[in-house]
Amino acid sequence: MFDRNRWLVCEHEEKNVRSLSKELSTSPLCAKLLINRGYAEPSAAKAFMAKSDSFLYNPYLLKDIKLATKRIRRAIEEDEKITIYGDYDVDGVTSVSILYMYLKEHGADVDYYIPTRESEGYGLNAAAFRMIKEKGTTLIITVDTGITAIEEVEYAREIGLDVIITDHHQCRPELPKCIAVVNPKRPDCEYPFKELSGVGVIFKVICALELDFVNCGEYNLFTVKDMCKRYIDLVTIGTIADVMPLYDENRIMVYMGLGMLSATRNIGVRALFRAVGIDPAKKITSSVIGYTVAPRINAAGRIGDAARAVQLFLATSPQVADVIADELCAINRERQQTENLIFTEAIQQVEREHDLENESVLVLASDHWHQGVIGIVASKITEQYGKPSILISFEKVGGDFGKGSARSIKGLNMVEALAHCEHLLSKYGGHELAAGLSVERGNLAEFCKTLNEYAKVKLSSPDCVPKTQVEAEISEEEISMETVEEIAKLEPYGAKNPEPIFVLRDATIMELVPLSQGKHSRMILRKNDLDISAICFGYNLQNEGFVLHDRVDVLCTLNINEFRGSKTIQLIVRDIDFSEWSWNELQEIEEEFEEMRRGELSCDNEDIPTRAEFTSIYKLLLDISYQRGKQISIMKFLAPIPYISYLKVRIALEVFAEAELIELKKVNFATYYIKRLEAKEKKDLTATPLMKTLLQK
């Protein structure tokens, strides 16, 4: 909040907007949204809006897929035992589920294996292969994992196991030597869409198998669409949960899947919907899946047994499914408690031990953090500080090996950054913005140093400021049901196709009410003749310095609020700042302060902080600043002490800095970096240069 430099408002050539709007018979606002997504050409924009099933590509275009289907068919026909080896996240669980269901339908002798996060960690491992071999398996099919497991796959071959790798993670120069490696990210793969999820890849494999069975290996769109009817619900859940970009083929599959989820035949999905209170009669969106359904499935693999989630999707009894769904909800509540505890400890570690001014990547470690939750916390740390972060949990107190989860920001490819440090790591892999790693305790300090040196070169300081992409300014005339219905054609929203965020300029707060014991805020905003309801989640705006009749700019999404059969427009506020008019007033005060400091303008006695006011401001500093430093808005200072003016707070901060009680650096207008210093002796504030100047008559 209070930093409009975080808002990146897209600029548009008006002639391009008018042209596309006319060609598509759509509003200029919708045309801007299409241009922002790269669809400036009418034909591309029409295809995007139409969500054509022509984007369901031929699975045979995937490298090695015919080798994979040939070996799988042989295993089915010769009654070999097949083991599906999956990952423990939602993408992996849904991948295991659809492949298991398909192979069972075709009479295969098949089981599945998902490693435990806590004891085995991510990926393939030799011990698991030995156990699988002892149970009589001859063919392993990996889903959502295995692309970097060169040594493990070689070991499998040595003990007589055939392996088919299906994965979607980034490849290394050398691929595992096995029967087939199906991954659209292979450099030699000509598949037209590279961003499939793990469950998307395995869906393509079973589509190819079905084409082999019913179409003699010839591509047929109707066969693929029939497969969508059977499996696209789970493909959709896995794709959304893995935060895959929702354009091209992913967009079509998720669009189809969201439409089918309300009437899904999967007993487990229906049970989970009941457990979390989702009404299938209402519209199911990607947000509902991503924020309500996926965390409960993920929780099983994070702090429980991921196989439990597979059992949910394979359930044939509603009663059994209900029991498992309730169990997953209980595990998720436990996960939330654990996550909150780790997040609090991580924040304390950052503020206590890290130099936010000079560190490009925050590397945090503990001997007792739950490895299943540190990835979520890393995401929250990155969001909080606008920096890449890595959270590492060592196996036990004093243990030698730690497993870590990394999250990055635009400008730093985390996999490439880890590759730069690979001589210090036992294992690593993942995506550009999210990765995993293993490191020895003895290498941790050198790893932090090497990683930060690399990141400092790659990241300029603007990269470390969280940015919000704002699609367009919106007028009061555009805030309408018609607008909401029109932009809904851009759904489903997700990565690379975000829900549109708009900026409404210079609205006046007419009503401001805290909700849920001050956790959230509700407002009525007035823009000219329009009064608009707005909800701000996660912020008590009164505590942030906002009061009635403030003129503000808000970043918001447009939402339809349904209550007792009535529909109204409601803004969901993503960020809020004082309007340019309000900032101009404060700018005048800042200019007055500078003139007073230079002795060019006399200061009235009532504008100089009293001893009691200096004390109040300093006590507040002790509450909200840290010895490691923190960015603080002066406007936030004013919320708990509304009787003290902006000018007095500004004077007090400068006096504290001159008295060496704090370190003060201006970040941008009205926001300062404040670091509390240890006072070695009692300070006479009236002896500071600024106070001497102000007290001169």
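Readers should treat all values here as calculations from the given coordinates under stated rules, not as data from a laboratory. Every value quoted in this text rests on a predicted model; they were computed, and no experiment measured them. Positions of Cβ are backbone-derived with ideal geometry, glycine not excepted, and every protein chain shown enters the neighbour counts.
Only helices enter the 222 nm calculation for the chain: every DSSP H run of n ≥ 4 contributes -39,500 (n - 2.57), and dividing by all residues gives -13000 deg cm²/dmol, rounded to 500. Across the options 563, 457, 642, the greatest Cα extent toward the positive end of the charge dipole of the chain (unit charges at beta carbon of Lys, Arg, Asp, Glu) belongs to 563. Inter-part distance, segment 565-610 to segment 344-388, computed on C-alpha centroids, equals 33 Å.
Between residue 533 and residue 274, what is the FRET efficiency for a Förster distance of 30 Å, r being their Cβ-Cβ separation, to the nearest 0.05?
On the way: r = 31 Å, r/R0 = 1.02.
For residue 533 and residue 274, the calculated efficiency is 0.45.
What is the distance in Å between the Cα centres of segment 454-519 and segment 252-327? Using only Cα atoms, the two centres lie 29 Å from each other. Treating r as the C-beta distance of residue 684 and residue 379 and R0 as 41 Å, the FRET efficiency rounds to 0.30. Counting beta carbons within 10 Å around each of 694, 444 and listing the fewest first gives the order 444, 694.
Using only the Cα atoms of segment 384-532, build the gyration tensor, take square roots of its eigenvalues as a ≥ b ≥ c, and label the shape rounded, prolate or oblate: rounded if a/c is under 1.5, else prolate if a/b is larger than b/c, else oblate. Show your work: numbers first, answer last.
Working: a/c = 2.97, a/b = 2.38, b/c = 1.25.
Taking the square roots of the gyration eigenvalues as a ≥ b ≥ c, segment 384-532 is prolate.
Take 361, 90 and order them by how many other Cβ atoms sit within 10 Å, fewest up front.
Numbers: 361 24, 90 32.
Lowest count first: 361, 90.
Site pair residue 516 and residue 484 shows an inter-label distance of 2.0 nm when each label is modelled 7 Å from Cα along Cα→Cβ. In plain terms, the chain from residue 334 to residue 460 could stretch by 41.5 nm, reckoned as 0.36 nm per residue minus the Cα-Cα distance. Between residue 612 and residue 591, the simple label model (points 7 Å from Cα in the Cβ direction) yields a spacing of 3.4 nm.
To the nearest 20 Debye, how big is the dipole of the chain about its Cα centre, given +1 on the beta carbon of each Lys and Arg and -1 on that of each Asp and Glu?
Values: 84 positive and 105 negative charges, 177 e Å.
My answer is approximately 860 debye.
Relative contact order (percent) for segment 126-232, with alpha-carbon contacts under 8 angstrom and 6 or more residues of separation? 20 percent. Computed from phi, the 3J(HN,Hα) profile of segment 77-85 under the Karplus parametrisation 6.51, -1.76, 1.60 (θ = phi - 60°) reads 5, 9, 6, 6, 7, 10, 10, 8, 10 Hz, with x in place of Gly and Pro.
Please give me, ordered by residue number, the GluC sites (Glu not before Pro) of segment 277-358 that lie in loop per DSSP and have at most 14 other Cβ atoms within 10 Å. Walk me through the numbers on the way to the answer.
Numbers: sites: 327, 334, 339, 345, 351, 353, 357; in loops: 357.
Hits after loop and neighbour filter: 357.
Under a 5 Å amide H cut-off, with hydrogens placed 1.01 Å from N, residue 163 pairs with 140, 179 among residues at least 5 apart or on other chains.
Taking a straight Cα-Cα cut-off under 30 Å and skipping sequence neighbours fewer than 8 places away in the same chain, the lysines within cross-link reach of residue 133 are 63, 66, 70, 81, 104, 177, 185, 204, 403, 427. Within the straight-line cut-off of under 16 Å between alpha carbons, the aspartates and glutamates reachable from residue 22 are 13, 14, 41, 486, sequence neighbours fewer than 8 places apart in one chain being disregarded.
Which loop-located GluC sites (Glu not before Pro) does segment 193-300 contain, where loop means any DSSP state but H, G, I, E or B and the Cβ has at most 16 other Cβ atoms within 10 Å? Can you show the working numbers first?
Values: sites: 195, 210, 218, 249; in loops: 195, 218.
Of the GluC sites (Glu not before Pro), the ones in loops of segment 193-300 whose Cβ has at most 16 other Cβ atoms within 10 Å are 218.
Tell me which of 695, 614, 587 sits at the most positive position along the dipole axis of segment 582-695, charges placed on C-beta atoms (Lys, Arg +1; Asp, Glu -1). Ranked along the dipole, the leading option is 614.
Once the Cβ-Cβ distance of residue 262 and residue 584 is raised to the sixth power relative to R0 = 56 Å, the FRET efficiency obtained is 0.65. Among 354, 368, the order by Cβ neighbours within 10 angstrom, fewest to most, reads 368, 354. Using only side-chain charges placed at the Cβ, +1 for Lys and Arg and -1 for Asp and Glu, the dipole size of segment 545-651 relative to its Cα centre rounds to 800 debye.
Relative to one another, the C-alpha centroids of segment 152-220 and segment 99-127 are positioned 16 Å apart. Here's the picture: charge each Lys and Arg Cβ at +1 and each Asp and Glu Cβ at -1 in segment 37-117, and of 88, 57, 102 the one pushed furthest to the positive end of that dipole is 57.
Across the chain, Cα pairs under 8 Å and at least six residues apart give a relative contact order of 10 percent. The relative contact order of segment 4-116 comes to 17 percent, based on Cα pairs under 8 Å that sit 6 or more residues apart.
Working from label points 7 Å from Cα in the Cα-to-Cβ sense, the residue 14 to residue 131 distance is 6.8 nm.
Sparse packing (at most 11 other Cβ atoms within 10 Å of the Cβ) combined with a DSSP loop state is found for the following GluC sites (Glu not before Pro) in segment 84-176: 174. In a shell of Cβ-Cβ distance under 12 Å around residue 491, excluding residue 491 itself, what net charge do Lys and Arg (+1) and Asp and Glu (-1) give? So the surrounding residues net to +1.
Tell me whether segment 364-438 comes out rounded, prolate or oblate; compute the Cα gyration tensor, take square roots of the eigenvalues as a ≥ b ≥ c, and use a/c under 1.5 as the rounded threshold. Please list the in-between numbers first.
Values: a/c = 2.30, a/b = 1.24, b/c = 1.85.
Since a/c reaches 1.5 but b/c is at least a/b, the shape of segment 364-438 is classed as oblate.
Extension gain for residue 630-residue 52 works out to 203.1 nm (0.36 nm per residue, less the C-alpha to C-alpha distance).
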